[in-house]
Amino acid sequence: MWAVAKQAYCNRETFIAGIYASLMNMAVAIFGAVMGQLYLMQRLDVSQESAAFVNGMLFLGAMLGGPLIGWWSDQLGSRLLPMKYGALISCVLIGLVLYAPISITGMAILFFLLGFTTSSQVISFAFVAEKSSPLVVASSISLVSILLQGGYILYQNMFSYVLVHGGNMHMINHVPVYSYEAYQSAVLILPISFLLALGCVFFLKEARKPRQIL
């Protein structure tokens, strides 16, 4: 059992692929699970309902992007190329989300596209399955899942720390309300994460040929 665990959890490429998935999932961890609506209300000066609609487009993009990017990867016979493009395009999209003068409709489109491109994280699972010994496929994939889910804890705390210390805050009805500048400072961790994810891909090697897992 120890030998199997060591082979699965001490594999460099498995670990890097898991880090890639975790970094690409940061948009969902930050916008989708924590501060998306509040950020959009500050960024666009819109109602909570409108902000919720825009934020929901992130999940719609991810729902459609996962199977489509997976299909594209299968057709290409490559895992790393879609992973590279996913990270690179996500960098461009988050830059537009943060700084482009844009309407609520435009922001909804950007959030949809961001969810779509960041769903390239799902290819990490296929990559690890193809690169792992048949004896440790499930264990190796579990490491990717651990890193992916563990990222929620780390990234949300990072975002909260920068938000609290990165700008002004005032109280309204005993509820802390942070300034737009504070949100902008905190959200900067997203483009950094996508750049790091892009860098991760260059430390991976393509499987020589796709392997039938089942």
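Observations on the model:
- Among the candidates 146, 192, residue that is at negative phi, surrounded by fewer than 16 Cβ atoms within 10 Å (Cβ to Cβ), touching a residue at least 60 places away in the same chain (Cβ under 8 Å) and not in a strand (DSSP E or B): 146
- Only one entry in 33, 5 is surrounded by fewer than 16 Cβ atoms within 10 Å (Cβ to Cβ), closer than 19 Å to residue 188 by Cβ and in contact (Cβ under 8 Å) with a residue 24 or more places away in the chain, namely 33.
- Any hit, the range 115-124, residues being in contact with a Gly (Cβ under 6 Å, 6 or more places away or on another chain) and more than 15 Å from residue 22 (Cα to Cα): yes
This table checks each residue for (1) closer than 21 Å to residue 67 by Cα; (2) small (Gly, Ala, Ser); (3) surrounded by 19 or more Cβ atoms within 10 Å (Cβ to Cβ).
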residue: 122; (1), (2), (3): yes, no, yes
residue: 131; (1), (2), (3): yes, no, yes
residue: 154; (1), (2), (3): no, no, no
residue: 158; (1), (2), (3): no, no, no
residue: 178; (1), (2), (3): no, no, yes
residue: 182; (1), (2), (3): no, yes, yes
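- Hits in the range 155-189 - residues which are at pLDDT 85 or above and either in a loop (DSSP other than H, G, I, E, B) or closer than 16 Å to residue 86 by Cβ (or both): 188
- Taken over the range 42-65, the residue count meeting the criterion of being out of contact with any Leu (no Cβ under 8 Å at 6 or more places or on another chain) and crowded, with 18+ Cβ neighbours inside 10 Å is 5.
- Residue that is part of a helix (DSSP H, G or I) and out of contact with any helix residue (DSSP H, G or I) (no Cβ under 9 Å at 6 or more places or on another chain), where the choices are 42, 75, 37: 75
- Complete set of residues in the range 92-114 that are surrounded by fewer than 18 Cβ atoms within 10 Å (Cβ to Cβ) and assigned to a helix (DSSP H, G or I): 92, 95, 96, 98, 99, 104, 105, 106, 109
The values are calculated or read from the model by the stated rules, or taken from the named source; none is laboratory data. Remember, predicted model here, so these are calculated numbers, not experimental data. When we count neighbours, we look across all protein chains shown, and the Cβ atoms used for this are built from the backbone with ideal geometry, even at glycine.
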